[in-house]
Amino acid sequence: MNDFIFHNPDKVYFGKDIMKNLPTELLSIGKKVLLVYGGGSIRKNGLYDEIISLAKSADIELCELSGVEPNPRHTTVNKGAAICKEKGIDVILAAGGGSTIDCAKGIAAAALTDDGDVWKLVSNGVWVTEALPIVAILTNAATGSEMDAWAVISNMDTNEKIGLGGSALIPKAAFENPEYSFSLPAYQTACGAFDIFNHVLDNYYFAGDATFDMLLEMQEAVMRTVVKWAPIAMSEPENYEARANLMWASSMALNTVLDGGTVHDCACHMMEHELSAYYDITHGHGLAILTPRWLSYILNEETAPAIYRFGKVVFGVSDGYSPIDGAKAAIEAVSKFCFETLGLKPTLSDLSIDSKNFKAMADHACRGGGINGIGKLNSCDVEKIYEMCL
Ligand code: NZQ
Ligand code: ZN
């Protein structure tokens, strides 16, 4: 078990009756608020009206930036930063899924730079230690952005999608009312659920120190939670227990509680961000297509016991196989979960993606080096994994 520091200052309000705390939380930071949201889901599910009415009742000055795209663009972030500079915004309020929250984080960072250009921060790999404060209202259980230090920003002109990180990007507060995710369509529910699942699998299990039992079991509990509740949320969108379990799993998967003593390689995430940078696909769907192929690619005598253990504990694969056969059964269980239970299309060809850009994507995913982890991948390996997904 490695040494680690745990520090997550995000205050989470979770449950049905939390929104009344929003004005106090905002006013503890400032009076001028930029409300950031996406393409309109919060107008349809009533959240927008609730925010407006709470702001009015507390005399909060609201400006708005709407239309944040899934896979948020640097140009939209820069628009928001310009509003902050012009209006002297004190706090950014993000209401939506990961894209909206990430956009708000990018705005918060860029607003404090001289030229307000987030892409300079992203492309220079700046670790953001100063930003406007962010408050997040989560509507999609998926990315963990509501509690983490990362924003993923896309530049479609250059086909780049890159993480911007920094301690100043952790929201000051997150509001998580599972009822605001009732309106999520089944496809987004499935994609979000698999994103949560993969945050655990990708960030930890195969790369970490497997002697830290407590952490392994917490990781497995989060993955089991997704496997149990995602299909229920898809078939019963207003099932509160299902939505609540997924929402808290989303936050737990990346809020660093599960990080202690582990190594991060994020192989599927590095590979998926290239897919959405080139083809603007939904992040969780890309992960679902990649994950079983990645597991098959890294399967060997060394990785098999860990893959088998995860298959047994998360999917109930039987005891008694050899490590390699058990690991194969585990990978089969992951595939079934992605493509049968969650109903996601299984290949890149299904998303009209061919091999044309695989080499450039693989080179970029490896950033000129490789992707570390138990199965260290170089650019040729990544290209082969993309080909397995066709
Ligand atoms: O734009 P609106 O109208 O809000 O609609 C969204 C969007 O069309 C809709 N939606 C969200 N909540 C809804 C809803 N529709 C109905 N009812 C609701 N309650 O769902 C669609 C997708 O939303 P989006 O925010 O894009 O999804 P998600 O939360 O999966 O975020 C994906 C983005 O986050 C990045 C991804 O790469 C992607 O860009 N990630 C961010 C991470 C982070 N900050 O740490 C880590 C992740 O690994 C991930 O990379
Ligand atoms: Zn993710």
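In this structure, Arg293 qualifies as basic (Lys, Arg) and either touching a Cys at 6+ places or on another chain (Cβ under 8 Å) or within 16 Å of ligand 2 (Cβ to nearest atom) (or both). Kindly indicate whether any position in segment 123-131 is part of a loop (DSSP other than H, G, I, E, B) and closer than 19 Å to Met252 by Cβ. No, there is no match, as no residue in segment 123-131 is part of a loop (DSSP other than H, G, I, E, B) and closer than 19 Å to Met252 by Cβ. Within segment 74-85, residues that are within 15 Å of Lys120 (Cα to Cα) reach partners that are open to solvent by 20 Å² or more (accessible area, probe 1.4 Å) and in a helix (DSSP H, G or I) with beta carbons closer than 6 Å, at six or more positions or on different chains, in the pairs His74/Trp119. Set side by side, the residues Asp209, Asp202, Asp195 differ, and just one is open to solvent by 10 Å² or more (accessible area, probe 1.4 Å) and either modelled with pLDDT under 95 or within 23 Å of Gly375 (Cβ to Cβ) (or both), which is Asp209. When Ala108, Ala136 are checked against the criterion of being within 28 Å of Tyr13 (Cβ to Cβ), part of a helix (DSSP H, G or I), among the small types (Gly, Ala, Ser) and in contact with a strand residue (DSSP E or B) (Cβ under 7 Å, 6 or more places away or on another chain), a single residue qualifies: Ala108.
Given the options Glu302, Glu332, Glu387, name the one that is more than 22 Å from the chain's Cα centre (by Cα), over 25 Å from Cys191 (Cα atoms), open to solvent by 60 Å² or more (accessible area, probe 1.4 Å) and acidic (Asp, Glu).
Glu302
When the residues of segment 312-328 are filtered to those that are closer than 22 Å to Leu342 by Cβ and out of contact with any Phe, Trp or Tyr (no Cβ under 6 Å at 6 or more places or on another chain), the one that is most open to solvent (accessible area, probe 1.4 Å) is Lys328. Flag set for Ala242, criterion: more than 17 Å from Ser145 (Cα to Cα) and open to solvent by less than 10 Å² (accessible area, probe 1.4 Å). Does Leu258 qualify as being surrounded by fewer than 22 Cβ atoms within 10 Å (Cβ to Cβ), within 16 Å of ligand 1 (Cβ to nearest atom) and aliphatic (A, V, I, L, M)? Considered against the rule, which asks whether it is surrounded by fewer than 22 Cβ atoms within 10 Å (Cβ to Cβ), within 16 Å of ligand 1 (Cβ to nearest atom) and aliphatic (A, V, I, L, M), Leu258 comes out as yes. Is it the case that segment 68-76 has a residue that's open to solvent by 10 Å² or more (accessible area, probe 1.4 Å), assigned to a strand (DSSP E or B), within 15 Å of ligand 1 (Cβ to nearest atom) and modelled with pLDDT of 95 or more? Yes, there is a match, as at least one residue in segment 68-76 is open to solvent by 10 Å² or more (accessible area, probe 1.4 Å), assigned to a strand (DSSP E or B), within 15 Å of ligand 1 (Cβ to nearest atom) and modelled with pLDDT of 95 or more. Just one of the listed residues (Cys63, Cys103) is open to solvent by less than 10 Å² (accessible area, probe 1.4 Å) and outside any loop (DSSP other than H, G, I, E, B), and it is Cys103. Close contacts from segment 338-363, counting a first residue that is touching a residue at least 40 places away in the same chain (Cβ under 8 Å) and a second that is in a loop (DSSP other than H, G, I, E, B) and open to solvent by less than 70 Å² (accessible area, probe 1.4 Å), with Cβ to Cβ under 7 Å and a gap of 6+ residues or different chains, come to Cys338/Leu344; Phe339/Pro346; Thr347/Cys389; Leu348/Cys389; Leu351/Ile281.
Can you tell me which of Asp195, Asp157 is within 9 Å of ligand 1 (Cβ to nearest atom) and either under 13 Å from Ser251 (Cβ atoms) or in a loop (DSSP other than H, G, I, E, B) (or both)?
Asp195
Taking the criterion of being open to solvent by 10 Å² or more (accessible area, probe 1.4 Å) and in contact with a Ser or Thr (Cβ under 7 Å, 6 or more places away or on another chain), the only residue of segment 261-285 that qualifies is His283.
Answer yes or no as to whether Arg309 is open to solvent by less than 50 Å² (accessible area, probe 1.4 Å) and touching an Asp or Glu at 6+ places or on another chain (Cβ under 9 Å). So Arg309 does not fit the description; no. Tallying residues that are more than 16 Å from Pro171 (Cβ to Cβ) and in a loop (DSSP other than H, G, I, E, B) within segment 12-30 yields 3.
The values are calculated or read from the model by the stated rules, or taken from the named source; none is laboratory data. Keep in mind it's a predicted model, so treat the numbers as computed, not measured. Don't worry about glycine lacking a Cβ; one is built from the backbone with ideal geometry, like all the others, and counts go over all protein chains shown. What goes into the accessible areas is simple: the full protein's heavy atoms, side chains included, and nothing from ligands, DNA or RNA. Shrake-Rupley method; radii C 1.70, N 1.55, O 1.52, S 1.80 Å.
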